[in-house]
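**Q** Structure incoming, see below.
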Amino acid sequence: MMKKTLSKAELIGLAVAGVLVFLVLPLLNALPESHPLHLTTFTLSLLGKYLCYAVLALSVDLLWGYTGLLSLGQCLFFSLGGYALGMYLMLKIGTRGQYHTNLPDFMVFLEFPKRFPTTGGLPPHWIPFQHFWFAAAAIIWVPAVVAAIFGFLAFRSRIKGVYFSILTQALTYAACLMFFRNDFTFGGNNGLTDFKEILGFDLNAASTRRGLFMATAALLIITYLVCRWLTSSRFGKIQRAIRDSENRVLFSGYATANFKLFVFVVAAIIASIGGALFVPQVGIINPSEMATDKSLEAVVWVAVGGRGTLIGPILGAIGVNWLKSYATHTVPEYWLFILGALFIVMTLFFPKGIVGIPSQVRALKARWNRQSVSVAAPAALSPEEKP
Amino acid sequence: MKKLLPKILSGAAALALALTASAQDTVKVGILHSLSGTMAISETSLKDVLLFTFDEINAKGGVLGKKIEPVIVDPASNWPLFAEKAEGLLVKDKVAVVFGCWTSVSRKSVLPVFEKYNGLLFYPVQYEGEELSKNIFYTAEAVNQQAVPAVDYMLADGKKKFYLVGSDYVYPRTTNKILKKYLKSKGIADADIIEIYTPFGHTDYQTIVAEIKKFSAGGKACVISTLNGDTNVPFFKEFANAGLTSENCPVVSFSLSEDEFRSLPTKDLVGHLGCWTYFMSLTTPENKKFVADFKKWLKTAPAGVDRNNRVTCSPMNLSRTGVYLWKQAVEKAGSFDVDKVREALPGQTFKAPEGKVTMQENHHLINPVFIGETMANGQFKIIKSLGPVAGEPFSDKFLK
């Protein structure tokens, strides 16, 4: 049974992570460049990007690992958050674009002033995004509304299992195609890029980058705590009960559809906030982030890290992406084979992911000690999840 | 333990020594092309030709006495990864220059990075213009070096009706917008210009081809295609099935070069036209040498380089030209410093396979333009050579 209060190990882990991300790394980054311990802004932003992916992975795990809903379209919500903040960033470029007009570049060459003459070329739905508060609110409500509508229709129709996965994948693919269209007023294939400032801070400045990194770290820690609280509450028990046997929960008198809808919306909001912090750090958002393979990748991070745990997705997202960054630079010709082999090995031999390795090792040891072959293979669920 | 430590230390010292030694007689140069993902099929060829060019230059003593040491990364057709890899090349590897990018979105993604760190990028693939960064040199064909001359050729050929079909992304959109204005200025009526876009990976061209058939029924019609990649297969198949040929309605494609023909059924494309600043079938001595040397290099090329049925094409040629222009500018500046090289680049000329090319103040080339007709063997027969055209990224400067 999962404890409601944080365990000692969790508290220590959180404290160490907090000191690392809020004190040590920013300080190392603030050192002069000539200093041997100087951490480049490039590396710090790269870490910030991994942390955004970790938030995304947590949202996938909340659905898949805890509720049994394998969403293959979580990157749609990640991208929606990215677009919402991207629109704000786009409007803050001002006259620093290629055409030196107040209108974003792509609106100039697509001749938006002809299409939207009353607003000087800016599509009406873009206008409120000049305000940060509106963009920030949109990061929350836009994915929430999309998830609520889709989830309501899907769960009310009792769409389950693989059918639910396929539908989520179709949803993100449809959105991807829609955003690809230049007529859709979100920059088409090129998406939104060449941002200059956020809330008046220069995006190229190291201090802004540090701020964004710390904001991402804070988001990850808050997300972790929220997920921790959610999954260890009474709600979390029902969540896991739905995962293990939805019909039983249903016949016990619970409206499972409502529970699932709630988790789906919460996960969408989490992914969206992660996406919003992703965009200013990588500098671009475009429809390819909604492509189906991106959402599949997020599921792989969770699988590698260990689903049904909260630390697993974080380890998986950071680990796999670090390996990808490393391998695409060091062995660019073979990185796909390395990652592919890792995924195969993990699913074949470590079904519980990285976090499951210690218990697997323990089980192996016990088997070795007893010198018997009758011990069953490790179950798919970790001991604490067993009913 | 006691024995191990001195070993490690001496090993580290030797390594450090080797590193500083190699740092003295080599210069690091980045290659930023997708080696995996959707763009790999096109971009891998550019990585290959860059490696070939580096070997060519290194064999003659390198640049400023330093051998070029390529740093290859794989941005994997993933646009945020392009930005990450570009930043890594500039910050971690501290490369002197980067050759890379194919799609406009990848260039847009790395542009802020190059401006932030004051890096230097050479971009080799025909594009839509409307951009000018002080940190990018565009050896690529601008719209007035490919689309406009091609349309001029069609007008001279007596064509009066133009059907513009493209994939829905920024290059076709911008090119067609410019062409429409240009055609109108040449007296073509609005009703005789049709503009249509299809999504990426579109396969059903029945309706569009039926429309083209109706459109071209009176003769004097042509199709200007900016369809990219594999959508060309169903398009040309449908085109041929409908009984349309290069005789009654020629298609000029801007995104198809010899390298793309390696993976397309060329029999459906025979007779249709292309317009580039370079064709593999050019017969200049420089081109014969380039093609022969490249083929020779392939035999001894590093592992992972495809050795079969290789060809050269305009983006490959322009990648190579970029390397030579950079080398000349470095030698003129006497330094690898980005600011000095940037200042030395305008005015550099190079005897390229297609003829003399000159880098202009606006970071684009003056380059000869050719019209070619597709042949069954996947090559172009050059049917018209249009002489040198000065590249101009902003359309309002060449559209009067």
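**Q** Sort B:CYS249, A:CYS75 so that the residue with the fewest other Cβ atoms within 10 Å of its own Cβ comes first and the one with the most comes last.
**A** B:CYS249, A:CYS75
**Q** Give the span of the stretch B:295-397's Cα atoms along each principal axis, as three whole-Å numbers ordered largest to smallest.
**A** Ordered largest first, the stretch B:295-397 gives principal extents of 45, 40, 22 Å.
**Q** Still on this model: Report the full-extension gain for the segment A:ALA255 to A:ARG156: residue separation times 0.36 nm, less the Cα-Cα distance, to one decimal in nm.
**A** 34.6 nm
**Q** Using only Cα atoms, tell me the angle between helix B:232-241 and the longest principal axis of chain B; keep it within 0 to 90° and round to the nearest 10.
**A** 20
**Q** Kirkwood Rh and Cα-based Rg: tell me the resulting Rg over Rh for the stretch B:236-318, rounded to two decimals.
**A** In the stretch B:236-318, Rg relative to Rh is 1.05.
**Q** Please figure out what share of the DSSP beta bridges in the protein assembly as shown is antiparallel and state it in percent, rounded to the nearest 5.
**A** 40
**Q** Hey, can you grab everything whose amide H is under 5 Å from the amide H of B:ILE382? Only 5+ residues off in sequence or another chain; H modelled, so Pro and N-termini drop out.
**A** B:GLU373
**Q** Quick check for me: using +1 on Lys/Arg Cβ and -1 on Asp/Glu Cβ, what's the dipole size of chain B about its Cα centre, in debye to the nearest 20?
**A** 800
**Q** Among A:CYS227, A:MET90, A:VAL279, flag the residue with its Cα farthest along the positive direction of the charge dipole of chain A, charges on Cβ as +1 for Lys/Arg and -1 for Asp/Glu.
**A** Checked the options; the winner is A:CYS227.
**Q** Over the Cα atoms of the stretch A:8-349, what Rg and Dmax result, in angstrom?
**A** 20.8, 67
**Q** Can you give the Rg to Rh ratio for the stretch B:80-139, taking only C-alpha atoms and Rh from Kirkwood?
**A** 0.92
**Q** Under the rule a/c < 1.5 gives rounded, and otherwise a/b versus b/c splits prolate from oblate, where does the stretch A:118-176 land using the Cα gyration tensor?
**A** Prolate is the answer for the stretch A:118-176, as a/c is 1.5 or above and a/b outweighs b/c.
**Q** Continuing with the same structure: How high is the relative contact order of chain B, given as a whole-number percent (alpha carbon pairs under 8 Å, six or more residues apart)?
**A** Across chain B, relative contact order equals 17 percent.
**Q** I've got another one for you. Name the longest site-free stretch of chain A, where the excluded sites are GluC sites (Glu not before Pro) in a DSSP loop with no more than 12 other beta-carbon atoms within 10 Å.
**A** A:112-387
**Q** Something else now. Sort A:PHE180, B:PHE398 by Cβ crowding within 10 Å, fewest neighbours at the top.
**A** Lowest to highest Cβ neighbour count: B:PHE398, A:PHE180.
**Q** In addition: What ratio of Cα Rg to 2.2 N^0.38 Å holds for the protein assembly as shown?
**A** 1.02
**Q** Given R₀ = 35 Å, what would the calculated FRET efficiency be for B:ALA240 paired with B:LYS299, taking r from the Cβ atoms and rounding to 0.05?
**A** Approximately 0.40, to the nearest 0.05.
**Q** Sum -39500 (n - 2.57) across every DSSP H segment of at least 4 residues in chain B, then divide by the residue count to get the 222 nm mean residue ellipticity, nearest 500.
**A** -13000 deg cm²/dmol
**Q** Given B:LYS47/B:LYS384; B:LYS47/B:LYS237; B:LYS66/B:LYS295; B:LYS47/B:LYS288; B:LYS295/B:LYS340, which pairs have Cα atoms separated by over 27 Å?
**A** Result: B:LYS47/B:LYS384; B:LYS47/B:LYS237; B:LYS295/B:LYS340 exceed 27 Å.
**Q** Please state the charge dipole magnitude for the protein assembly as shown, taken about the Cα centre, from unit charges on C-beta atoms (+1 on K and R, -1 on D and E), reported in debye and rounded to the nearest 20.
**A** My answer is approximately 2080 debye.
**Q** Calculate the dipole size of the stretch A:8-349 relative to its Cα centre from +1 charges on Lys and Arg beta carbons and -1 charges on Asp and Glu beta carbons; express the result in debye to the nearest 20.
**A** 960
**Q** For chain B, which semi-axes, largest first and in whole Å, follow from the square roots of 5 times the eigenvalues of its Cα gyration tensor?
**A** Ellipsoid half-lengths, sorted descending, are 41, 22, 20 Å.
**Q** Right, next: Is there a pair in A:LYS49/B:LYS397; B:LYS177/B:LYS289; B:LYS60/B:LYS356 whose C-alpha atoms are over 31 Å apart, and which pairs would that be?
**A** Beyond 31 Å between Cα atoms: A:LYS49/B:LYS397; B:LYS177/B:LYS289.
**Q** Can you show me the helix-derived [θ] at 222 nm for chain A, built from DSSP H runs with n ≥ 4 at -39,500 (n - 2.57) apiece and divided by the number of residues, rounded to the nearest 500.
**A** -22000 deg cm²/dmol
**Q** Can you compute log10 of I(q)/I(0) for the stretch B:202-360 with the Debye formula, treating each Cα as one identical point scatterer, at q = 0.09, 0.12, 0.13, 0.21 Å⁻¹?
**A** -0.44, -0.71, -0.78, -1.25
**Q** Taking every residue in B:163-170, how many Cβ atoms of other protein chains lie within 10 Å of its Cβ, on average?
**A** 3
**Q** Another question about this same structure. Just B:VAL49, B:VAL151, B:VAL305 to compare: in a GNM of chain B, with alpha carbon springs under 10 Å, which one fluctuates most?
**A** Most flexible of the set in this elastic network: B:VAL305.
**Q** Between A:PHE186, A:PHE116, A:PHE259, where does the largest GNM mean-square fluctuation fall for chain A, given springs only between Cα atoms within less than 10 Å?
**A** Of A:PHE186, A:PHE116, A:PHE259, the Gaussian network model singles out A:PHE116 as fluctuating most.
**Q** Okay, moving on. GNM, chain A, Cα, under 10 Å: largest mean-square fluctuation among A:VAL24, A:VAL279, A:VAL146?
**A** Greatest mean-square fluctuation among the candidates belongs to A:VAL24.
**Q** Using a 10 Å cut-off around each Cβ, can you sort B:SER45, B:SER281, A:SER34 from fewest to most neighbouring Cβ atoms?
**A** Sorted ascending by nearby Cβ count, the order is A:SER34, B:SER281, B:SER45.
Bear in mind that the values in this text are calculations on the coordinates, not laboratory data. Here the structure is a predicted model, which means the values were calculated and not measured. Glycine gets a Cβ as well: all are built from the backbone with ideal geometry, and neighbour counts include every protein chain shown.
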